[in-house]
Structure formats: C-alpha cells, structure tokens
Amino acid sequence: MDIQNLIKQANQIGDFFGAWPDSAQGREEVANHLKRFWEPRMRRQIIEHVRAQGGAGLNPLVIEAIGQLEPMGEGA
C-alpha cells in the first residue's frame, strides 16, 4: 500500500482519538485501532516509516501510538 495513503489514514484515526480529553487514552486507542483493523503488512509499513523517516507527515499522537506497537513484535 502507498505510504502516503497509510499516513493519511493513520492521521485521520489520530485526529479522531486525539480529541479525547485524556491524551494517554487517545494514544492507546490509536494503537488498539491499528492492531485491530490494520492488516499486518500495513502496520509493518507504518512502523518502518517511523523508524526510517521519523514518522514524517504523521501526527505526533500517531507516532507515539505506533511506538507502542513496536515492542509487541509487529511481525504478525
């Protein structure tokens, strides 16, 4: 999938959950959404984008949420 499309989708998710009053809960919800609804190759691509490009174009909340995915061994 095109990384620009993934960035756009991830930012839309981040915008939704970023409006929550508790930013930690919003970040957790973004990570949970990516785990539940994105297929593994999409998650791998966005994680690699954060590693290689520092998450260029991504909302800071989304970058933080993606950081929560990495320790979980997102090879799945």
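The values are calculated or read from the model by the stated rules, or taken from the named source; none is laboratory data. Given the structure is predicted, the values throughout are model-derived calculations rather than measurements. Note: areas computed on protein heavy atoms with side chains; ligands, DNA, RNA excluded. Shrake-Rupley method; radii C 1.70, N 1.55, O 1.52, S 1.80 Å.
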Using a 1.4 Å probe, what is the accessible area per residue for the chain, in Å²?
56 Å²
Here P(r) for the chain, Cα-Cα distances in 5 Å bins, as whole percents, is 3, 18, 33, 27, 15, 4, 0
For the chain, longest principal axis from Cα atoms; helix 60-69 axis from its Cα atoms; angle between them, nearest 10 degrees, is 60 degrees
Percent accessible area from carbon and sulfur atoms, the chain, protein chains only, probe 1.4 Å
53 percent
Any idea what angle helix 23-37 forms with the longest principal axis of the chain, computed on alpha-carbon atoms, 0 to 90 degrees, nearest 10?
40 degrees
